[in-house]
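Step one of this worksheet: look at the structure below.
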Amino acid sequence: MKITAQEEYGLRCMMALAGEEGQRALTIPEIAEREGLSPAYVAKLMRLLRRRGLVASARGRSGGYALARPGVEISVGEALAALGDPLFSSMYCGKFHGDQTSCVHLDGCSIRSIWGHLDNLIVQVLRSTSLTALVGGEPELNQKLRARWSFPLEAPVESAGVAAAPLQGG
């Protein structure tokens, strides 16, 4: 799973709007300056988000962009879906079949089970996390995530050298 730059920056732009929710709209140059992005790129992101009904634009002296709904009603998953492709594809096992026309493990693949559970877990976390929760800051969000999910969430770990207690077979 990889988050694209478009998804990352689009989410950051939405967080900027959520941070101003109920106060004022932000212009493209204001968002660009806050996030260190070019105005042209922010304009592209805002177009994508507006088409999906996540942001609204207003013209005029006090115009700009604002969230189309309260930030508490917009999930991170919904925002990411508006900005790019699904994080996982139902065809993730269809791509890696070696020299065969299909995977030799199609009828009973435990790897597919891991990917499916991981996909479900990520989708659940993204759907249950609102933009408002992101704006609250990292310590507060970490506390909410730990309270909501039954597994320990630790600081991100580099993929090389990740060691965890393995599940024991029976």
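The values are calculated or read from the model by the stated rules, or taken from the named source; none is laboratory data. Small disclaimer: the values here were computed from a predicted structure and weren't measured. Note that each Cβ is placed from the backbone with ideal geometry, even for glycine, and that neighbours are counted across all protein chains shown.
Glu33 meets the conditions (1) in contact with a Lys or Arg (Cβ under 7 Å, 6 or more places away or on another chain); (2) of a type outside the set (Gly, Ala, Ser); (3) more than 22 Å from Ala133 (Cβ to Cβ) in every case but one. The failed one is (1).
Taking the stated definitions as given, is Leu153 surrounded by 10 or more Cβ atoms within 10 Å (Cβ to Cβ), modelled with pLDDT under 85, touching a Lys or Arg at 6+ places or on another chain (Cβ under 9 Å) and over 30 Å from Arg47 (Cα atoms)?
For Leu153, the condition - surrounded by 10 or more Cβ atoms within 10 Å (Cβ to Cβ), modelled with pLDDT under 85, touching a Lys or Arg at 6+ places or on another chain (Cβ under 9 Å) and over 30 Å from Arg47 (Cα atoms) - is met.
Against the criterion of being of a type outside the set (D, E, K, R), without any contact (Cβ under 8 Å) to a residue 60 or more places away in the chain and in contact with a strand residue (DSSP E or B) (Cβ under 7 Å, 6 or more places away or on another chain), Leu45 does not qualify. Within the range 61-74, the residues that satisfy the criterion of being surrounded by fewer than 18 Cβ atoms within 10 Å (Cβ to Cβ) and not in a helix (DSSP H, G or I) are Arg61, Ser62, Gly63, Ala68, Arg69, Pro70.
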